[in-house]
Amino acid sequence: MSNMFTVSPDFSPDHISGWYIFNTWLQKQSGEAIHLQMYDNFPTQREAINLDKIDLIYANPFDAAMLVREKGFLPLVKPTGVADEAVIAINAKNTVEDVSHLSPGIRVAVTEDPDVHLMGMIMLEPGDLDDSNVETMVCDSYVLIAKQLLRENADVGIFLAEAYDNLSNIIKNQLKVLVRSQISVVHHSLMIGPKLADKRDVFQELLVDMNNDEKGRGVLESLGFDAWMRVDDEEMEFMIDLMDTLNT
């Protein structure tokens, strides 16, 4: 029976084929039967996690606490030089220059990406804004957030910084960044579930060594990564504690 692998739904659509290529590579290198299952949104993915259907996951930092503390997952690796940061952006025609000048009642466009939403709402606090006094508009993607801003259907957009940076220049030229987070220690991680826990060291070695051969580098490139680096339990606990702190 195949082990089930899934990827946090906030991955860049440009890299969907890369994850399938990576899955094939991982099967060949590990000798394990692994099936990649993509989910359209966080609720359906979490349902699969709660039903213990997932054995490997490229997880967002918000879900890391649940995966470790409730489901017994262990961290494997994270991409080098990649951190989760958030961007607060508005329509370039908007005269507001600082978050503190925003007013209660504004329309905030977000995705279901929980860690980015959390960081974004923290960055809106200088304007005395929170979930109770803004109108939240949930969009399926960061491109749709940009469209809502351009159409003036939303006043503020909360973006994953990487997703914002990957928008076309035509779109970015019509937007204005008010603030960008600089937390630097919040990141997605590849994690392994209880069923495969005894293979943790094997998987870690394969992944950390992946950029040392041409084929492995090609697979990493298809994901937009340079290399993987090991994540130990202590580093994961630090990030979980940080996310808990941010969430209180």
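The orientation-averaged projected area of the convex hull spanned by the Cα atoms of the range 174-243 comes to 7.5 nm². In terms of the mean number of neighbouring beta-carbon atoms within 10 Å, the peptides 49-55, 185-191 order highest first as 185-191, 49-55. In whole angstrom, note down how far apart the Cα centers of the range 13-83 and the range 114-186 are. Here the two parts' Cα centres lie 25 Å apart.
If the viscosity is 0.692 mPa s and the temperature 37 °C, what translational diffusion coefficient in µm²/s does Stokes-Einstein give for the range 1-101 when Rh comes from Kirkwood over Cα pairs? Display every interim value, and only then the final one.
Numbers: Rh = 15.9 Å.
Reported coefficient: 206 µm²/s.
Each peptide in 172-178, 71-77 was scored by the mean count of other Cβ atoms within 10 Å over its residues; highest first, the order is 71-77, 172-178. Matching the structure-derived Cα extents along the principal axes in Å against the labelled list (i) 118, 43, 29; (ii) 59, 51, 28; (iii) 57, 37, 28 gives the label (iii).
Ranked by the mean number of other Cβ atoms within 10 Å of their residues, highest first, the peptides 142-149, 63-70 fall in the order 142-149, 63-70. When you restrict to C-alpha pairs under 8 Å that are six or more residues apart and normalise by the size of the chain, the relative contact order lands at 30 percent.
Leaving out ligands, DNA and RNA, and with a 1.4 Å probe, what % of the accessible surface on the range 139-248 is carbon or sulfur?
Numbers: 2750 of 5810 Å².
So the carbon and sulfur contribution to the accessible surface is 47 percent.
What accessible area per residue, rounded to a whole number of Å², is obtained for the range 68-147 using a probe radius of 1.4 Å? If you can, show how the numbers build up before the last one.
On the way: 3510 Å² over 80 residues.
About 44 Å² of surface per residue is accessible.
Could you pull out every one of the aspartates and glutamates with an alpha carbon less than 16 Å from that of residue 176, ignoring same-chain neighbours closer than 8 positions? Within reach: 97, 98, 152, 155, 162, 165.
When DSSP beta bridges are restricted to pairs lying wholly in the range 35-193, around 75% turn out antiparallel.
Cross-link pairs exceeding 30 Å between alpha carbons, from the set 28/195; 53/172; 28/147; 71/147; 78/195; 53/147: 53/172; 28/147; 71/147; 53/147.
Using a 7 Å offset from Cα along Cα-Cβ at residue 213, what residues in the range 20-55 end up with backbone N under 11 Å from the label point? The answer is 28-30, whose backbone nitrogens lie closer than 11 Å to the label point.
The values are calculated or read from the model by the stated rules, or taken from the named source; none is laboratory data. The structure presented is a predicted model; accordingly, all values stated were derived computationally and were not measured. Cβ atoms come from the backbone with ideal geometry, glycine included; neighbour counts cover every protein chain shown. The accessibility values were calculated without ligands, DNA or RNA, using every heavy atom of the protein model including side chains. Shrake-Rupley method; radii C 1.70, N 1.55, O 1.52, S 1.80 Å.
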